[in-house]
């Protein structure tokens, strides 16, 4: 684990300061926070407060508002019951792990809010760089060199323009015209610009070739980006389901190194996408409750289908939310649906008919041929029954699930399982059994294994047995936390 001080030092280094410029990294709950701020402000040091929520402690108000009072030639800030001398070099940074925080207008005017949350397109580019770095390190190195060379050339051109403007200063123009200095400056500048332009043309051609090669593997990065935001959404099911980008990148690197190699780019993309998707599924399933594993499989499948433009967003929205609003009631034409059930069924059919093009005409067809649908309603395997009429061929497999949900919602679970098998394979509805050796293989000295125990479970004997099998039983230490 990275300790807060190391994390703070890394943050400050990225901001262009040395590690010694950082006093420390704190949380709002730290009792010594105000005391350390009293020390940091006069010295002009930088302080990082992490894990800020949507509520900011009032004790920080004087700093955020910069309520300074001048005493002599210096400015002082009243912090708590003390006045501390203000140093302009002092800076206060606050970070939050909240995915979508909402700060009040009063807070927003006191601070500068920067959103560092990763976006799908940003993550896609990052994962593409990671892949090329692992798969083709020479190509990535060449790409980096071109970027650096272009940056240096841009700086040289800027310096040339600046020197020409300085030479044309009105106070010196007459003196320059009497000599050849201006002509020499312009001549040297023209030569330098020509050389840089020639190099940039060559670099541009090389960069195009590199980007063409990289572009072949964009589907790998795109799939990785889809999968990451799929597992990020799991915290909506249970707050315990949290997955870091660093863990995800390590898993991706492992997939790149361990998957089957191929000289053909399209074949390599297919192999890696399949390998990484299955690897992610198996790893994430270890940390899910049994009841949530099919939900994860469904999310995984749907994300992939959306990425391939194989799923209609309107149909997915209807599947999740159903029909809303009121409609004009019509008499119940069926003998096998009660009046209440008919009203619910008709409302959904009416909205499907109105909003989803694939179901145009379904309302009238159901009212006229409702007896044909009774077989689905009565069947023990309703998800296996064909849809009556031409609907069986005109509807795709997901649209059939939508219609099944209207008639037999209890059969949707099995239908979803069949849908997942059809789209991404049988392995995604068969969660892997727990294997300690596989978990241990994915761990590292910075990636600990944490067992979340349920009532009556005790993995100690299982753990000790495995430690003995791999010859590490002598290195195991057991610490009892005791009651409380």
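Once all Cα-Cα distances of the chain are split into 10 Å bins that start at 0, what whole-number percent is in each one?
So the P(r) values, bin by bin, are 3, 12, 16, 17, 19, 15, 9, 5, 2, 1, 0.
Only counting other Cβ atoms within 10 Å, I'd like 406, 156 sorted with the fewest neighbours first.
156, 406
Among 372, 82, 405, which comes first, second and so on when ranked by fewest other beta-carbon atoms within 10 Å? Before the final figure, lay out the partial values.
Numbers: 372 14, 82 11, 405 18.
Listed from fewest to most nearby Cβ atoms, that is 82, 372, 405.
How high is the relative contact order of the chain, in percent, counting Cα pairs under 8 Å that sit 6 or more residues apart? Spell out each step's value before the answer.
Working: 378 pairs, mean separation 42.6, N = 484.
With pairs under 8 Å counted, the relative contact order is 9 percent.
Could you sort the peptides 427-436, 471-480 by per-residue average Cβ neighbour count (10 Å cutoff), highest mean leading? Don't jump to the answer; show the numbers that get you there.
Numbers: 427-436: 15.0, 471-480: 7.7.
Per-residue mean Cβ counts within 10 Å order the peptides as 427-436, 471-480.
Over all directions, average the projected area of the Cα convex hull of the stretch 314-429 and note it in nm².
On the way: hull surface 29.1 nm².
So the Cα hull casts an average projection of 7.3 nm².
For the stretch 65-118 and the stretch 318-397, compute the distance between their C-alpha centroids and round to whole Å.
60
Which order do peptides 257-263, 270-276 fall in by mean Cβ count within 10 Å, highest first?
Details: 257-263: 10.9, 270-276: 18.3.
Put in order of decreasing packing, that is 270-276, 257-263.
Please find the FRET efficiency linking residue 295 to residue 211, where r is the Cβ-Cβ separation and R0 is fixed at 41 Å, and quote it to the nearest 0.05.
Efficiency at R0 = 41 Å is approximately 0.60.
Under the definition of Cα pairs under 8 Å and six or more residues apart, what whole-number percent is the relative contact order of the stretch 267-395?
Details: 51 pairs, mean separation 17.2, N = 129.
Value for the stretch 267-395: 13 percent.
Quick one: length gained pulling residue 476 to residue 142 fully straight, 0.36 nm per residue minus the C-alpha distance? All intermediate terms of the calculation are to be shown ahead of the outcome.
Details: separation 334, 0.36 × 334 = 120.24 nm, distance 4.62 nm.
Contour length minus Cα-Cα distance gives 115.6 nm.
Measure out, as a whole number of angstrom, how far apart the alpha-carbon centroids of the stretch 440-474 and the stretch 270-310 sit.
Each part's Cα centre sits 26 Å from the other's.
Separation between the residue 159 and residue 133 pseudo-spin-labels, each 7 Å from Cα along Cα→Cβ, expressed in nm?
That separation, rounded to one decimal, is 2.9 nm.
So how do 359-367, 195-203 stack up, highest first, on mean other-Cβ count within 10 Å? Can you show the working numbers first?
Details: 359-367: 17.1, 195-203: 13.3.
For the peptides 359-367, 195-203, the packing ranking is 359-367, 195-203.
Going by the alpha-carbon gyration tensor, a ≥ b ≥ c the square roots of its eigenvalues, is the stretch 210-368 rounded (a/c under 1.5) or, if a/c is not under 1.5, prolate (a/b greater than b/c) versus oblate?
prolate
All of the numbers you see were taken from the coordinates with simple rules; none came from a lab. Given the structure is predicted, the values throughout are model-derived calculations rather than measurements. With ideal geometry, Cβ positions are generated from the backbone for all residues, glycine too; neighbour counts draw on all protein chains shown.
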